[in-house]
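Only one structure is covered here, and it is reproduced in the block below.
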Amino acid sequence: MDKPSESPSGPVLNLSRRRLLKGAATAGSAAVAGTLAPAAAGAAGDPAITEIQDWNRYLGDGVDARPYGSPSQHEAHVIRRNVPWLTADPVSSVNFTPLHKLDGIITPNGLCFERHHGGIAEIDPAAHRLMINGLVERPLVFAMEDIKRFPRYNHVYFLECAANSGMEWRGAQLNGCQFTHGMVHNVMYTGVKLGDILNEAGLKPSAKWLLPEGADASAMTRSVPLEKALDDCLVAFCMNGEALRPEQGYPLRLVVPGWEGNMWIKWLRRIEVGDQPWHHREETSKYTDLLADGSARRFTWTMDVKSVITNPSPQAPLDHGRGQTVLTGLAWSGHGRISRVDVSVDGGRNWQTARLDGPSYSKSVHRFYHDFEWNGSELFLQSRAIDEFGNVQPTKNALRKARGENSIYHNNGIQTWHIGEDGSAENVEIS
Ligand code: MTE
Ligand code: CO
């Protein structure tokens, strides 16, 4: 089922994807006497029922066959994917979380999108150190076992790259939520409070900013205000209960809840304490938002309220025919919890409140569902998230009006999927 739609728009910038649809047709979701598809009702002579299958006839693998488990071979297509034309090489590049194949709120470790500026550092934890220097009473160097002696905490947080949905500023382009929205993952981190480590070193009164640095070939650095560091930042060594994956910064990464992914320094090896920001590359030429008048918004750290429908979506069409249908998606806000998600099936003319389900944590993704009867007519699906502080996800046009179209970063506009009468789904915009 995935075959025709698992790849993004193609090897070159494909502007034919960019479909603007004038005023959405009155898309139908009117209740039809709904039943489940015939297959679910059981067809006479179905070999899945009448035949004894091999897995029923023969013994399976023993407990020594899979010392570290992996998904069923039938799930082999559920993988991170990249967009080859997006970056010049695969080392300083990005791949995307297959959001359309996931449910619940936790992203499995092997499917968390990756963004590396200098490839994956393969670090021997015994040779890894974290150094604290600068405006501190006692510059310190920690080995991994020293870090693990601070009190530990567990928190579920989303990480979203500031460039998520960045290719969509000038119109609908990439055909699948994996590619338009897949630079986000949601993980339970185990770690220690950054504040506890800083206190051990003793902050000088003039301390105001931190410069965390990565041990990878990009030696990534970002200026982080001390207030945020002392509020909720973690130095994490576990994700979803096991050691961080090398892709995610093994053995140590900075967790900066609700703030743009670029600040979550992976392979964390040093934190310099200073009294002002450093204005390094990643906060001047990159990760700033170029406005229509040529000026740039800087230090736009918080990831604003956002949502996307993950099913149906271009890689996951409505293939079961008319009748009972589950629409689902994700919503998140860097400010806190999600309090409501609205869903429209007619391009934003009418809205209904979706059902939030699963744990609701601050600065974590939330799962929503909208259960409805599809009568087989075309739909224009949209979702709109609202967070606990009343922030409402804007339309893409409202964002463009405020910020122009030059930016790559911080696009949290409302996404539209067009569903055809055949159930196929496409990335579109309604003008
Ligand atoms: N840290 C280091 N040391 N090197 C990097 O290339 N990439 C940053 C950030 N931290 C990066 C880094 C960017 S831009 C993002 S979006 C996140 O890590 C991506 O985290 P992930 O690979 O776990 O998805
Ligand atoms: Co990023």
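Just one of (1) part of a strand (DSSP E or B); (2) surrounded by fewer than 22 Cβ atoms within 10 Å (Cβ to Cβ) fails for residue 189. It is (2).
Okay, residues lined up against (1) within 16 Å of ligand 1 (Cβ to nearest atom); (2) modelled with pLDDT under 95:
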{"position": "173", "(1), (2)": "no, yes"}
{"position": "176", "(1), (2)": "no, no"}
{"position": "186", "(1), (2)": "yes, no"}
{"position": "213", "(1), (2)": "yes, no"}
{"position": "217", "(1), (2)": "yes, no"}
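Taking the condition open to solvent by 50 Å² or more (accessible area, probe 1.4 Å), within 16 Å of ligand 2 (Cβ to nearest atom), at pLDDT 95 or above and farther than 26 Å from residue 209 by Cβ, does residue 120 pass? When the stated conditions are applied, residue 120 passes them.
Only one entry in 339, 364 is in contact (Cβ under 8 Å) with a residue 40 or more places away in the chain, buried (at least 17 other Cβ atoms within 10 Å of the Cβ), farther than 18 Å from residue 181 by Cα and polar (S, T, N, Q), namely 339. Among the residues making up segment 146-172, those that are within 16 Å of ligand 2 (Cβ to nearest atom), in contact with a strand residue (DSSP E or B) (Cβ under 7 Å, 6 or more places away or on another chain) and either under 24 Å from residue 125 (Cβ atoms) or of a type in the set (Gly, Ala, Ser) (or both) are 157, 159. Of everything in segment 200-250, what is open to solvent by 50 Å² or more (accessible area, probe 1.4 Å), of a type in the set (A, V, I, L, M, F, W, C) and in contact (Cβ under 8 Å) with a residue 60 or more places away in the chain? Give them in sequence order. 217, the sole residue that qualifies.
Looking at 295, 285, 307, just one residue is crowded, with 23+ Cβ neighbours inside 10 Å and either hydroxyl-bearing (Ser, Thr, Tyr) or on the phi > 0 side of the Ramachandran plot (or both), and that residue is 307. Cβ-Cβ under 7 Å, sequence separation 6+ or interchain: first residue in segment 152-165 and more than 13 Å from ligand 1 (Cβ to nearest atom) and hydroxyl-bearing (Ser, Thr, Tyr), partner assigned to a strand (DSSP E or B) and open to solvent by 20 Å² or more (accessible area, probe 1.4 Å). Which pairs? Cβ pairs passing all conditions: 153/193. In segment 81-112, of all residues being within 12 Å of ligand 1 (Cβ to nearest atom), hydrophobic (A, V, I, L, M, F, W, C) and closer than 18 Å to residue 218 by Cα, the one that is modelled with the highest pLDDT corresponds to 94.
The values are calculated or read from the model by the stated rules, or taken from the named source; none is laboratory data. Computed from a predicted structure; not experimentally measured. In this analysis, Cβ positions are derived from the backbone assuming ideal geometry, glycine residues included, and neighbour counts consider all displayed protein chains. Remember, those area values only see protein heavy atoms, side chains included, never the ligands or the DNA or RNA. Shrake-Rupley method; radii C 1.70, N 1.55, O 1.52, S 1.80 Å.
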